[in-house]
Structure formats: structure tokens, C-alpha cells
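Have a look at the structure below before the remarks.
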Amino acid sequence: MTVPAFEEYVPASDCTCAGCAAQRRTAAGALPMRYGGHPAAHGARRALVLVTAAGVVLSTGVAEAAHAPGGRAAEATGAARTDEATMSVDPETPADEDDPLTPVDRDPDSPQGGPGPLRGTGASGPPSSTGTTLRKTSRAAIINRAKKWVSAQVPYSMNKYWSDGYRQDCSGYVSMAWNLPGNEWTGSLANYGKKIAREKLQSGDILLFHNPADPTKGSHVTIFGGWTDSTHTHYTAYEQTKPHTRKQTTPMAYWTNSAKYVAYRYKSLSSDSGVSTKAFPGPGKFGTGISNTYVTQLGKLLVDRGGERFYKVGPGPGWGDADRRATRAFQQAQGWKGKEADGIPGPDTWHRLANGTGRDIPAAGSGSGRGDSNPASKFPGRGHFRPGQSNGHVDRLGKQLVKKGYGKHYRSGPGPRWTEADRRNVEAFQRAQGWRGGAADGYPGPETWRRLFA
């Protein structure tokens, strides 16, 4: 399992003895310059870390060689290399969800950027945390936005910005998911939410810990994705952490500083004004001739889950064919058939829409006029994806990989000819599903294709 780590400058493979640990803590005492630290202290701190790291390497090899009998010197040197290799992280390997509850033995440092505008969007100046007109959003929209970074495996950084303009740290991630007008930090996110009790948590809410005494130590924020057990001791957390965005079962509220995390709900949550999406209103609220606010809310939820193409106008309070077809498309995306996919929402349909769970409505395939099916999701066969092959299936595969955030190996964009870049991008997607060995060989099969186009 990848333990969340937020070290700004301490190599993960440094010596863990008390003396070296004390030196690193001393070096960490001064704040970075972006938080008001002195440039001289910043330079001294970096120099101390380099000296400490060099000393560790030299002392380990020399001391072991001097005192170890016979072959112990080589064995000790090999052990040091093994430990260092163990600490390395494959950026394409997702967090291990089979063993998600390994405790953290210390408070992780969490350096982060400060409030500021979106990057690359033409925004000027940092947004105001007060007096800003907030954008309306829904729980499903928050979770869907959060999922985009999980799928793209956005690398953690407190000074880099993703293509959507949001900073690639934990607070920038929440700013993105909440669709805020700019990048906030853990010290200002609370201004956009209202405090709630933990037992009231629902998908799209956040758990926030801000350490005002030292914002770079331990401050962190996660997005609540739903309870994973009936005891409410664990939940699905969407979070931005090293090495990249992840979705993982997490103890309530976090491994460290758990008691200090505060639950917040976005102030302009659409489901909190007008219609409650907590309970299914009943099948009688939907159908021919029906007009009410529940129909409007259903339409908005369907749009958030990929059903926008069904609505030429709206969504609105009057039940129409667009509502039926969009509902049916969502039901079919869950794998339901017959009466379970009749286009009229039931309790399961409503619950999945309201809580942002289940599968989204797939994109319309080419030639799919009404959008009730997605021909692109049908696997065309393995023979199309081999060296020397050139066809439209390869081109469509490449474009979908880019859309899902797995196109980093393309230098000139996807095309109809199968290349090593296609294979490596497919492999990255397969590894993100948790597959290894032959299941992640970079050649698409039926399940790879289904998940990629889902």
C-alpha cells in the first residue's frame, strides 16, 4: 500500500536512526520561503539535507564494511540497496486497496500552495473567500469531477497546475471537485462550506484538517465518497496525495490527526435547495403527464452523469421523452435489462444518481442518433491491435485513452496505426485497474475495452 507522504525535501529512503531523524526534523523547522521563511534558512536547510543524505550513504557502507565479518559487507550493502528500492513508487501503480488500512507512524507533512486564480484560464488575481457568488453543483457532479483526476492519475504537486487550471495538491483537488472559481488551500476551504456532524456526511462533503500553528505539518483534506461499512468507521476517500490522485478505503477520519478533522458541506449544493435527493420520492413522481421539481432534479442528475446529449432544452419539471431516454441509458449502463431498464427511475436508479455511484452514461458511438446504445463499447477483436495493424479501431482506442487521461506516451497524438505508444498507454490503463502480469500486457481484451469505453 502507498502510504500518503507529503515530504517536501526529505528523501524517503533516508536513515531512520534517532540521530538522523533528529537532524531532519531540525532541518524541517524553518518554513519554506512561500510561507514567510528566510531565504538563507531555506538554503541552509537544503544544504543540511544534502549533507545528511551523503553522510548516511557513506557511513552505512563504510561502517558495515569495517565491522562486518567475511561477506557481511556485501550483504549489508545489498540490504541498503534493497531498502532504497522498496521505497520507490511506480507512478502508474494505483494504491493497494486490498490492504488499505496500514497505519501511518507519524504525522505527514503537507506543504501546499496558497489561494490563487486558475492557471491558463485568463483569471486575474486570487479569488475572494468571501462575497463570491458560488456556482451551483450537485453531489454527483462533485464525485464525477473527483473521478476525473483519479482516472488521469494526476501527479501530486503544490506548485504545478493540471490542464483544468487547478493546483495539483489536496486543496486544489477539492477546489476542482467543488468547482470553485479559483484555487484555495486548507486555511480557506472552510469559507466555501458549512460545518456538519460526521454522522451527517454524504458523498461530495469533505473532511478537513488545517493546522494553523504550522500549515505545512499535517494539514490535509479528503472528499467523502460514502461509507464502506455499517459501523461507519471507514469510508471511501478521494484525495490528492503522493504519488497521484487516489480513491481508497480510509479509517474515519484519517490515519493521523483523526480527531482534528472537521466535516464540511459545500454551501451551494443544488440538492440542498429545493429537492432532497436523500430519499426516493416514489415512481408516481415520474411518467407521462407528470410535472414537478423531482423531474427537474432527475434531469440534472442525469446530465451530471453523461446524459446531456438527450436534452435539447432543459432539464425541466415536465416529464418528456428526453427524461425517459436518459434514464434508460443510465439504467443500461448499470447492466440492467428489461423492466429494470424501462426509463422510469426506481429506488436503485435514484440512489445511484443522487450519490454519484454506479457507472456513468457512456458517450454516444458514431452513428448512434438517439444515444440509447454505444456501439463503440463492443470489443472488435484482439487481431486489430498488433504490430503492423492499421485501422479505425486503433484510432478510436487511442482517442479514448487520451480522453480517459492515459495518453502520455503519445508524442504526436493517436492514429490508426498500432504503435508502441498505444501499447504502453493501454498498459498504464490496465495497471490502473489493479491488473498485473499478462493481464497488463498492453494489448486490449474485452474487459479492457469495456472498462475503457464505460
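The values are calculated or read from the model by the stated rules, or taken from the named source; none is laboratory data. This one's a predicted model, so the numbers in the text were calculated from it and none came from an experiment. As a convention, Cβ positions derive from the backbone with ideal geometry for all residues, glycine included, and neighbour counts pool all protein chains shown. These area figures cover heavy atoms from the full protein model, side chains too; ligands, DNA and RNA do not enter into them. Shrake-Rupley method; radii C 1.70, N 1.55, O 1.52, S 1.80 Å.
Which is under 24 Å from residue 327 (Cβ atoms), at pLDDT 85 or above and loosely packed, with under 14 Cβ neighbours inside 10 Å, of 347, 387, 446, 375?
On the way: 387 fails: under 24 Å from residue 327 (Cβ atoms); 446 fails: under 24 Å from residue 327 (Cβ atoms); 375 fails: at pLDDT 85 or above.
The conditions single out 347.
Any residue in the stretch 319-328 that is at positive phi, of a type in the set (Gly, Ala, Ser) and within 31 Å of the chain's Cα centre (by Cα)? So that I can check it myself, show each step before the final result.
Step one: of the stretch 319-328, the residues at positive phi are none.
No: the stretch 319-328 contains no residue that is at positive phi, of a type in the set (Gly, Ala, Ser) and within 31 Å of the chain's Cα centre (by Cα).
Give 219, 203 a once-over and let me know the one that is within 19 Å of residue 150 (Cα to Cα), of a type in the set (Gly, Ala, Ser) and touching a helix residue (DSSP H, G or I) at 6+ places or on another chain (Cβ under 9 Å).
Working: 219 fails: within 19 Å of residue 150 (Cα to Cα).
Unique residue meeting the criteria: 203.
What residue, among those in the stretch 125-147 that are modelled with pLDDT under 80 and within 21 Å of residue 169 (Cα to Cα), is surrounded by the fewest Cβ atoms within 10 Å (Cβ to Cβ)?
Applying the filter and picking the extreme gives 125.
Show the residue pairs meeting these rules: Cβ distance below 7 Å; 6+ apart or different chains; first residue within the stretch 148-160 and at pLDDT 90 or above; second residue assigned to a strand (DSSP E or B) and open to solvent by 30 Å² or more (accessible area, probe 1.4 Å).
150/247
Quick one: count up the residues across the stretch 169-202 that are open to solvent by 10 Å² or more (accessible area, probe 1.4 Å) and under 29 Å from residue 408 (Cβ atoms).
3
What number of residues in the stretch 200-255 are basic (Lys, Arg) and touching a Lys or Arg at 6+ places or on another chain (Cβ under 9 Å)? Spell out the reasoning first.
Initially, the stretch 200-255 is screened for residues basic (Lys, Arg), giving 200, 217, 242, 246-247.
With the extra rule that they be touching a Lys or Arg at 6+ places or on another chain (Cβ under 9 Å), the set shrinks to 200, 247.
Number of matching residues: 2.
Among all residue pairs at least 6 apart or on different chains, which show Cβ distances below 6 Å where the first residue, located in the stretch 385-400, is assigned to a loop (DSSP other than H, G, I, E, B) and the second is open to solvent by less than 40 Å² (accessible area, probe 1.4 Å)?
Every condition considered, the pairs that remain are 385/418; 385/444; 389/418.
If the requirement is being over 28 Å from residue 227 (Cβ atoms), without any contact (Cβ under 8 Å) to a residue 24 or more places away in the chain and surrounded by fewer than 20 Cβ atoms within 10 Å (Cβ to Cβ), which of these qualifies: 308, 340? Outline the logic, then answer.
Details: 340 fails: over 28 Å from residue 227 (Cβ atoms).
Residue meeting the stated conditions: 308.
Just the residues that are among the hydroxyl-bearing types (Ser, Thr, Tyr) and in a helix (DSSP H, G or I), please, taken from the stretch 134-162.
Quick first cut of the stretch 134-162, residues among the hydroxyl-bearing types (Ser, Thr, Tyr) only: 137-138, 151, 156-157, 161.
The one that is among the hydroxyl-bearing types (Ser, Thr, Tyr) and in a helix (DSSP H, G or I): 151.
Restricting to the stretch 350-360, give me the number of residues that are open to solvent by less than 20 Å² (accessible area, probe 1.4 Å) and either part of a helix (DSSP H, G or I) or modelled with pLDDT of 85 or more (or both).
Of the residues in the stretch 350-360, the ones open to solvent by less than 20 Å² (accessible area, probe 1.4 Å) are 350, 353-354, 356.
When the remaining residues are screened for being either part of a helix (DSSP H, G or I) or modelled with pLDDT of 85 or more (or both), the result is 350, 353-354.
Number of matching residues: 3.
Conditions: (1) without any contact (Cβ under 8 Å) to a residue 24 or more places away in the chain; (2) at positive phi. Residue 165 meets all but one. Number of the miss?
The single condition residue 165 does not satisfy is (1).
With (1) assigned to a loop (DSSP other than H, G, I, E, B); (2) open to solvent by less than 10 Å² (accessible area, probe 1.4 Å) as the list, and residue 214 as the residue in question, which single condition is left unmet?
Single failed check for residue 214: (2).
Which residue pairs have Cβ atoms under 7 Å apart, sit 6 or more places apart or on different chains, and have a first residue in the stretch 241-259 that is within 24 Å of residue 151 (Cα to Cα) and open to solvent by less than 10 Å² (accessible area, probe 1.4 Å) and a second that is small (Gly, Ala, Ser) and in a strand (DSSP E or B)?
Pairs found: 248/237; 250/237.
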